[in-house]
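We did not get these values from a lab; they are worked out from the coordinates using the rules stated. No experiment lies behind these values; they were computed from the predicted model shown. As a convention, Cβ positions derive from the backbone with ideal geometry for all residues, glycine included, and neighbour counts pool all protein chains shown.
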Amino acid sequence: MTNDTSGDVRLSGISKTYGSFTAVHPLDLTVPQGSFFALLGASGCGKTTTLRMIAGLEEPSSGTVHLGEQDVTALPPYKRPVNTVFQSYALFPHLDIFENVAFGLRRRGIKSVKKQVEDMLDLVQLGEQARKKPHQLSGGQQQRVAVARALINHPKVLLLDEPLGALDLKLRRQMQLELKRIQTEVGITFVHVTHDQEEAMTMADTVAVMNAGRVEQLGSPTDLYENPRTTFVANFLGTSNFIEAEVDSKSGDDIVLKAGGGKLVLPEARCSAPTATGGKVLVGVRPEKISLTPADDAGDIPEGRNRITGKIADSSFIGVSTQYVVDSPVCSEFEVYAQNIDRDARLVPGAEVVLHWNPAHTFGLDAAQSLLAGTTGSAGIQEEAAV
Amino acid sequence: MTFVNWLKRNLVVIAGLLTLAYLLLPNVVVTVFSFNKPKGRFNYEWQEFSTAAWQDPCGVSDLCGSLSVSLQIAFWATLGATLLGTMIAFALVRYRFRARGAVNSLIFLPMAMPEVVMAASLLTLFLNMGAQLGFWTILIAHIMFCLSFVVTAVKARVMSMDPRLEQAAQDLYAGPFQTFVRVTLPIAAPGIAAGAMLAFALSFDDFIITNFNAGSTVTFPMFVWGSAQRGTPVQINVIGTAMFVVAVLFVLASMAISNRRNKQKA
Amino acid sequence: MATLTEAPPPLTPTAPEKKPPRKRGRLVPYWLLLPGILWLLVFFALPMIYQASTSVQTGSLEEGYKVTWHFATYWDALSEYYPQFLRSVLYAGSATILCLILGYPLAYLIAFRAGRWKNLIMILVIAPFFTSFLIRTLAWKTILADGGPVVGALNTLHVLDVTSWLGMTSGDRVLATPLAVVCGLTYNFLPFMVLPLYTSLERIDGRLHEAAGDLYAKPITTFRKVTFPLSMPGVVSGTLLTFIPAAGDYVNADLLGSTDTRMVGNVIQTQFLRILDYPTAAALSFILMAAILVMVTVYIRRSGTEDLV
């Protein structure tokens, strides 16, 4: 990464309201030059509105947009050195592929576009299709045209609005890698809007998780996954199990919590909630961090691991792993994913088990929030944008 | 049994074709009687075959003059109504503004009004203003009643247009004017063309409103109306048949051209 | 912008304008609307006002007319011409129903069954517009001529007995009877029924028919429960586009009918253009307009389709 900051995107206090509906609450965000940045959230969370404010397609109700050192808040889209890959591509149906790609160059008064367009089409492997109309191409090809049409202008920032949403799963995977490759090659700042957490984690250096017009958490994919700071992030990125617990005492860098008669240990650094003794904390742990041991073998579990007892309610075999649902006194429907390395024949529905995990994999959240935030079907997902 | 089943399955097709026959029967009669050699003034009974009228379509005084008046009025009315109607359609689809409901009603009402009412009230206006009835009053009236139909046709097309296309153009450095000329207009063109064709047909064929507001100017439909009282020359059948054939050929040709263009590109 | 052949220069945007933020052409819609709306206001709305005022004037052509709020004109017009009003509603109503019955199969045929003939049939539906409708209406005089094949066939099939029992024809004539007028109205406004029907039928997803069939609906049930309800917008706008012009028409009644089939349009036309009794004509026209507006509003409300345009 360079020290050039001309491709930085800096949003300060930017917000958008439609009448009484606030699509984006005042937001500060800096996307450094050359990074691949993802805005992740469910539909209606304000991510697309944020992107459109960067593009100039939406006027912010307050705040400013800077590209590098320059304030572009008042500039119309056609004067911003920013290009967009639109959702469902928005290729001009009346122009052929060549003219679609050449559109931006021509509007900027560049006369001889032939070589550049041909080079660009070769880059996205569409040299043969130059004289076809967009509707004659497949979804994946259209997507590449949309990328080519934007990139040929050498924008400082490329904005991608759900660019892979219309593709099938396999093609989506392929295009994810392709886009990542192009980004590394051209070194342009990419701002990518998506509702697909896997897509965001695969492609982006930095992910901002948005919910109801606010950024819930910002960080690298690993950081967001391993150390979520809200139940929304914990649920939206993967699956999490939660135990309501009470702060009992502190020992060194760890907090000791009481939950359903047992004790759980949580590193203080991984707790985003206040930790006064007697206070409530939500203890979270990811399903794949947990090991299952039949209750008979409980003695074999090493010391120092968090443990909970329960009874297997359900199990489903999905190839690489087996997913168990465990009923326990502290949390019904505890999810556990076990790699299928040595399958224990005793782990069947109805079996009494001990769940145990390394305390370092535990995270602590403020108990004053919905356990279901960010899960499918919860309010945060259902909310539709007014756009 | 199989015949009954076939009949059952194709009942709707048969009924539809019968309706189509009902729609086209008068045109067949008009065409056949354009080759008639009537006795007396009226061309309602078949006498004998003759191509006399086809050889001399303008043989009746004032007939071709009225045709030319109608074509001129239809041309200018189409131009005016298409221009004004397209502007309104864009405003309605693309912008939010006050009095939208009122504007929508004002567009809808002329279509929900019997022609005779519009004709009579417009005549009242012209009489009150002391306007000279003639070419201009007809043109004014035609633009007025074609306008709503153009708005409806263009609106449908613009509404089905993805607004992201224009945003994409803006994003690719096209200013508002460039966006309109390079993207919006070409994509809306079929809707505008449909509206224009509708306006032309409505204006060319209008009789009721024209009859009230024409003064001494005679359009083609008015000529036909007059001849229905005085005597119908075979030539009006010739003109009617020719217009029908020209219209069908025009549409077929434009379809063939657009087909070929698509194939070349493919 | 400079003309470069290689990589385009980075855009150097001009300095941003000072606050307040740009108003992206808030006046644009008004400018777009202005000429067209003005046209409609002056040549559609204003005439209605003039006509309303004319209808309550008294006077004569020679001495000029004055507004005297003479509402009796309305009463006189109604009591003298109510048969013509009733006839208009009756004829236009019959023609509308006939158009629906005849037009639906044709629209259905174009939308679902025509295959590659679709465009040709569409052209054949629209093209007759270019032969003046007056010429085509005159052709019905030939088709329905006394002693012609059509009348002969109807006579043999005893259809004319039924219609004359209904009061639609008299003797073995069709021309100059109500039947001829209704037939002409139906013919003239049929395309206005077929086109909106086709538009709304075409929007129906063909898979819905398969789904209904899959769910044990017979073809007729599929039509009643799926196709027809979904085509309601087309039915509503088709019936309106047929009924309204048919109710105001006077050409068919004049060319194909007799003095016994005169409709309200004929009266307005005669009063306005021949007798020159402007107040009566204006009052009649105003009543017709009001009646139609009321009917249209009630109809649209009841059928639940508010967006026709």
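Overview of values
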| item | result |
| --- | --- |
| Inter-chain Cβ neighbour average for residues C:189-198, partner chain, 10 Å | 1 |
| Charge context of residue B:228, other residues only, Cβ under 13 angstrom, K/R +1, D/E -1 | +3 |
| Nearest 10 degrees, 0 to 90: helix A:169-186 Cα axis against chain A principal axis | 60 |
| Relative intensity, log₁₀ I(q)/I(0), of the protein assembly as shown from a Debye sum that treats every alpha carbon as a point, q = 0.05, 0.10 Å⁻¹ | -0.46, -1.18 |
| Per-residue HN-Hα couplings for region A:222-231 [Karplus 6.51, -1.76, 1.60; θ = phi - 60°; Hz; x = Gly/Pro] | 4, 4, 5, 6, 6, 10, x, 10, 9, 5 |
| Where trypsin sites (Lys or Arg not before Pro) in DSSP loops with at most 13 other Cβ within 10 Å are excluded, longest remaining stretch of chain B | B:99-266 |
| Net charge, residue B:52 excluded, C-beta distance under 14 Å - Lys, Arg +1, Asp, Glu -1 | 0 |
| For chain C, calculated [θ]222 nm from helices alone, where every DSSP H run of n ≥ 4 adds -39500 (n - 2.57) | -19500 deg cm²/dmol |
| Alpha carbon centroid spacing (whole Å) that separates region A:95-142 from region C:45-94 | 66 |
| Alpha-carbon centroid distance for the pair region A:151-172 / region C:173-210, whole angstrom | 49 |
| Folded to 0 to 90 degrees: helix B:234-265 orientation relative to chain B principal axis, Cα | 40 |
| Positive-end residue of A:197, A:137, A:84, charge dipole of region A:9-226 with Cβ unit charges | A:137 |
| Per residue, the convex hull volume that the Cα atoms of chain A enclose (Å³) | 172 |
| Distance between modelled label sites at residue B:55 and residue B:42, nm, 7 Å Cα→Cβ extension | 2.8 |
| Estimated dipole of region B:61-232 in Debye, rounded to 20 [Cβ of Lys and Arg +1, of Asp and Glu -1, Cα centre] | 500 |
| Region A:9-226, Rg to Rh (Cα coordinates; Rh as Kirkwood inverse mean 1/r) | 0.96 |
| Candidates per trypsin sites (Lys or Arg not before Pro) in region C:178-261, loop by DSSP, up to 15 other Cβ within 10 Å | C:203 |
| Mean Kyte hydropathy of 0.5 or more with a Cα span along the axis of at least 18 Å, helices from DSSP in chain C | C:28-40, C:72-108, C:178-202, C:232-248, C:278-303 |
| Exercise: per-residue mean of other protein chain Cβ atoms within 10 Å, B:100-113 | 5 |
| Charge dipole (region C:107-227, unit charges on Cβ, about Cα centre) - positive-most of C:162, C:109, C:149 | C:109 |
| Amide H contacts of residue A:248 (H built 1.01 Å from N, under 5 Å, at least 5 apart or other chain) | A:256, A:257, A:258, A:278 |
| GNM top mover of A:54, A:301, A:110 - chain A, alpha-carbon springs below 10 Å | A:110 |
| Alpha carbon convex hull of region C:91-260, volume per residue in cubic angstrom | 134 |
| For chain C, size of Cβ-based charge dipole, Lys and Arg +1, Asp and Glu -1, in debye | 1240 |
| Local net charge near residue A:103, Cβ-Cβ under 13 Å (Lys/Arg +1, Asp/Glu -1) | +1 |
| Given charges at beta-carbon only (K, R positive; D, E negative), |dipole| of chain A in Debye | 1660 |
| Shielding by partners - mean other protein chain Cβ count within 10 Å, residues of A:110-117 | 3 |
| Fewest-first sequence of A:59, A:178 by Cβ atoms within 10 Å of each Cβ | A:59, A:178 |
| Amide H contacts of residue A:210 (H built 1.01 Å from N, under 5 Å, at least 5 apart or other chain) | A:40, A:41, A:216 |
| Degrees, to the nearest 10: A:114-123 long Cα axis against longest axis of chain A | 20 |
| Residues with amide H under 5 Å from that of residue A:192, placed H, sequence gap 5 or more | A:37, A:38, A:39, A:160 |
| Relative packing of A:228-240, C:93-105, which averages over residues the other C-beta atoms within 10 Å, highest first | A:228-240, C:93-105 |
| Positive-end extreme of charge dipole, chain C - chosen from C:231, C:186, C:94 (charges on Cβ) | C:231 |
| Scattering profile of region B:61-232 at q = 0.08, 0.12, 0.15 Å⁻¹ [log10 I(q)/I(0), Debye over alpha-carbon scatterers] | -0.31, -0.63, -0.86 |
